[in-house]
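Working notes, beginning with the structure itself.
The values are calculated or read from the model by the stated rules, or taken from the named source; none is laboratory data. From a predicted model like this one, the values you see are computed outputs, not experimental measurements. Backbone-built Cβ (ideal geometry, glycine too); neighbour counts: all protein chains shown.
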Amino acid sequence: MPTKFYLTTPIYYVNGKPSIGHAYTTFVADTIARYQRMLGKEVEFLTGTDENSQKNVEAAAAAGREDDIQGYLDEMAALWQRTFDSLGITNTRFIRTTEADHHKAVEAFWKRVEAKGDIYKGTYEGLYCGKCEAFYTENDLEGGLCPFHKTKPDHIKEDNYFFALTKYRDALLEHIEKNPEFVQPKERRNEIVSYIKNFMTDVSVSRQTMKWGIPVPGDETHRLYVWFDALINYITGVGFATDEKKFDRFWPADLQLVGKDILKFHCALWPAMLMSAGLPLPKVVLAHGFFTVDGQKMSKSLGNVVDPVELSEQYSPDIIRYYAIRDIRLGDDGDFSHDRLRARYETDLANELGNLVHRVLTMTEKYTDAKVPEKAQGEILGAWQEYQQAMTDYRLTDALDIIWAVIRRTNQFIEQQQPWALAKLEEKKMLHDTLYVLLETLRHIAWMLWPFMPDTAEKMFTKLGLEVPKEFSQSVESAWVWGELKPGSGVEKGEPLFPRKE
């Protein structure tokens, strides 16, 4: 089994505060990163901010900071970092595309591509959506409008540097055919194959009209097109051009998470750029769907943008990430609903998981003086195998379904065994066996839950009398064996995990 894992989120524009949509992608990445660490791997997890965008320049101007763009970007990047910290995100690298390491990487990368003969000068004339910072053909438009922003693109004409993207058409198609897991889900793979075959053209990679951004190496009169510069962040983040030892260890990325609106940049332009530079391609690029709120597109004008930090004052980050990953299947479009969040809290978390933990520990306090009884035979192996397969396949919602199947079976086991009746009948052995099975099952549930709800899992470990650092110092192979809970150790019921909300 590989000992390292490298995953990335898209890097985010800082022309506004993070929304629940940004948090969703980052929660997904964090859950996968935590799971890979649970397996004992050294994980590099990159997120960050895309700061060389015209959108950011416009946002700085709107904030009255036209003469202090870098200062504006510094403040906004710090806000994004604080947000991710407050949500419990465990990224190892927060990259900013205005940082010196990134400029160095971009220059080194450009020179490689240029030396390959894949950069040439030409005239670009065509349609450009400033909001997407993307070029479109007439075929791409819907009713003459940008398919994503529903605005009329600008017609622009200027002399630029171009990247010979079409030179890599056959190589891209061959790579996707030989590596069907490269683009996920399957619908996106079909989409990108159609784009590469039928619509892909060479791409303009510089701007003469832009005053912000990274200068083209060797030509200060041009700035690099933001997408060419931004994509390189994924290799900057693991040491390209600055730490070759680290780069050789972690590149290629094992997983790159993106939104489906930026699919063609990540699954056509980016791999072609890497081919040109003589670098390996990421193993998997997984595109999630679009995000709506109560059935409507999220927008400032509608006033329905959900701030994850404000939301976490009402519901903890654990609860938000549980709801988002349980309700929105990775790869599909998703809808955030306050009503469904409340329902998930009351049903899944308070009634099922929280109630289970509280009942088991209450009975342990009552019948065995809050001590773990002697070991009894039990089994959870089938669930672990299904869970592992789901996590390996990035089917996170399915993994949560598997955990909740265990939780429901355990609640049913209590009703079948009726420990209170066994206590009345003085069936001490059967009572103690039942309690041990329940307590040990809670330990397994906590382990399964940890990548998704780390704070909740750690509270469960503490209630079971386990020291969190010590519990995680062992390998998963030993942790997942039945019977790790030591007889005679103390448990503590404490407060309910998910108290009733008014």
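Of all the residues that make up region 120-147, how many are in a loop (DSSP other than H, G, I, E, B) and either within 26 Å of N56 (Cβ to Cβ) or touching a helix residue (DSSP H, G or I) at 6+ places or on another chain (Cβ under 6 Å) (or both)?
7
Test each condition in (1) modelled with pLDDT of 95 or more; (2) in contact with a helix residue (DSSP H, G or I) (Cβ under 6 Å, 6 or more places away or on another chain) for A115 and report the one that comes out false.
So the condition that A115 fails would be (2).
Restricting region 10-47 to residues that are basic (K, R) and at pLDDT 95 or above, which is nearest to T83 (Cα to Cα)?
Among those that are basic (K, R) and at pLDDT 95 or above, it is R34.
Assuming G88 fulfils every condition listed in (1) closer than 30 Å to S301 by Cβ; (2) touching a helix residue (DSSP H, G or I) at 6+ places or on another chain (Cβ under 7 Å); (3) outside any helix (DSSP H, G or I) apart from one, which condition is it?
(1)
Would you check if there is a residue in region 61-69 being part of a helix (DSSP H, G or I) and over 29 Å from K211 (Cβ atoms)?
Scanning region 61-69 turns up no residue that is part of a helix (DSSP H, G or I) and over 29 Å from K211 (Cβ atoms).
Pairs needed: first member in region 476-501, more than 18 Å from L438 (Cβ to Cβ) and free of Cβ contacts under 8 Å to residues at least 24 places away in the same chain; second member anywhere, surrounded by 12 or more Cβ atoms within 10 Å (Cβ to Cβ) and of a type in the set (S, T, Y); C-beta distance under 9 Å; at least 6 residues apart or different chains.
Partner pairs satisfying both residue conditions: none exist.
Looking only at region 387-411, which residues are closer than 27 Å to F27 by Cα, surrounded by fewer than 16 Cβ atoms within 10 Å (Cβ to Cβ) and either charged (D, E, K, R) or at pLDDT below 95 (or both)?
D393, D401, R408 - these are the residues of region 387-411 that are closer than 27 Å to F27 by Cα, surrounded by fewer than 16 Cβ atoms within 10 Å (Cβ to Cβ) and either charged (D, E, K, R) or at pLDDT below 95 (or both).
What do you reckon, is G130 under 26 Å from T49 (Cβ atoms) and either at pLDDT below 80 or touching a strand residue (DSSP E or B) at 6+ places or on another chain (Cβ under 6 Å) (or both)?
Against the criterion (under 26 Å from T49 (Cβ atoms) and either at pLDDT below 80 or touching a strand residue (DSSP E or B) at 6+ places or on another chain (Cβ under 6 Å) (or both)), G130 qualifies.
Where the second residue is part of a helix (DSSP H, G or I) and among the basic types (K, R) and the first is buried (at least 16 other Cβ atoms within 10 Å of the Cβ) and lies in region 456-474, which pairs have Cβ atoms under 7 Å and are six or more apart or on separate chains?
L464/R443
Pull out all pairs, ordered by first then second residue, where Cβ-Cβ is under 9 Å, the residues are six or more apart or on different chains, the first lies in region 279-306 and is under 23 Å from R340 (Cβ atoms), and the second is basic (K, R) and part of a loop (DSSP other than H, G, I, E, B).
Final answer for the pair search is G289/R329; V305/K17.
Just checking, does region 475-486 include any residue being assigned to a loop (DSSP other than H, G, I, E, B), of a type in the set (D, E, K, R), out of contact with any His (no Cβ under 7 Å at 6 or more places or on another chain) and modelled with pLDDT under 95?
yes
Within the group L87, L79, which residue is touching a Lys or Arg at 6+ places or on another chain (Cβ under 9 Å), touching a residue at least 60 places away in the same chain (Cβ under 8 Å) and surrounded by fewer than 18 Cβ atoms within 10 Å (Cβ to Cβ)?
Criteria check complete, one pass: L79.
Which residue is farthest from W110 (Cα to Cα), if the candidates are limited to region 188-217 and must be out of contact with any helix residue (DSSP H, G or I) (no Cβ under 9 Å at 6 or more places or on another chain) and part of a helix (DSSP H, G or I)?
N190
Determine which member of the set L361, L330 is touching a strand residue (DSSP E or B) at 6+ places or on another chain (Cβ under 8 Å) and either surrounded by 16 or more Cβ atoms within 10 Å (Cβ to Cβ) or not hydrophobic (A, V, I, L, M, F, W, C) (or both).
L330
Looking only at residues in region 297-326 that are among the charged types (D, E, K, R) and part of a helix (DSSP H, G or I), which one is surrounded by the fewest Cβ atoms within 10 Å (Cβ to Cβ)?
Ranking the candidates gives E313 first.
Which ones in region 254-273 are over 14 Å from the mean Cα position of the chain (by Cα), among the aliphatic types (A, V, I, L, M), under 17 Å from I235 (Cβ atoms) and buried (at least 22 other Cβ atoms within 10 Å of the Cβ)?
Answer for region 254-273, where residues must be over 14 Å from the mean Cα position of the chain (by Cα), among the aliphatic types (A, V, I, L, M), under 17 Å from I235 (Cβ atoms) and buried (at least 22 other Cβ atoms within 10 Å of the Cβ): A272, M273.
Quick check on region 98-119: of everything there that is over 28 Å from the mean Cα position of the chain (by Cα) and not in a helix (DSSP H, G or I), which residue is surrounded by the most Cβ atoms within 10 Å (Cβ to Cβ)?
D118
Take the residues in region 120-176 that are surrounded by fewer than 13 Cβ atoms within 10 Å (Cβ to Cβ) and without any contact (Cβ under 8 Å) to a residue 12 or more places away in the chain, then tell me which one is farthest from V205 (Cα to Cα).
Filtering region 120-176 for residues that are surrounded by fewer than 13 Cβ atoms within 10 Å (Cβ to Cβ) and without any contact (Cβ under 8 Å) to a residue 12 or more places away in the chain, the one farthest from V205 (Cα to Cα) comes out as G143.
Check region 324-338 and report whether any residue there is of a type in the set (A, V, I, L, M) and farther than 20 Å from T47 by Cβ.
Scanning region 324-338 turns up no residue that is of a type in the set (A, V, I, L, M) and farther than 20 Å from T47 by Cβ.
Just need a number here: residues in region 426-468 that are out of contact with any Ser or Thr (no Cβ under 6 Å at 6 or more places or on another chain), under 26 Å from Y24 (Cα atoms) and outside any helix (DSSP H, G or I).
2
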